[in-house]
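Below is one structure, written out as structure tokens; comments come after it.
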């Protein structure tokens, strides 16, 4: 379920990014896309290996870092006027939820 939600959010986000000016396509939009793609990729890698709980948590922590990075890029996009406040708020809330879900996943492997 987590991965499905993440993919749906990523699609909605990608639609928002498409409105960035072409000059930003290779800068800000590229950074946002890279960090947002990194979240499910790291989860998949950690869950695929599952050599130990510590290894799974390591990859989930990397995903949390990518989630936080995406939120920072979204703030830049808002500040530069590429996202309006309602768009930013909706995306921020979604990425906060992703972060909470990832924290819950770490707790699941704590013990």
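Computed from the coordinates by the stated procedures, all read-outs in this text should not be read as laboratory data. Computed from a prediction, not measured in an experiment: that's the story for all the values here.
A few points about this structure:
- Whole-Å distance, taken between Cα centres, linking the range 80-107 and the range 40-66: 19 Å
- Percentage relative contact order, the range 48-111, counting C-alpha pairs under 8 Å, at least six apart: 46 percent
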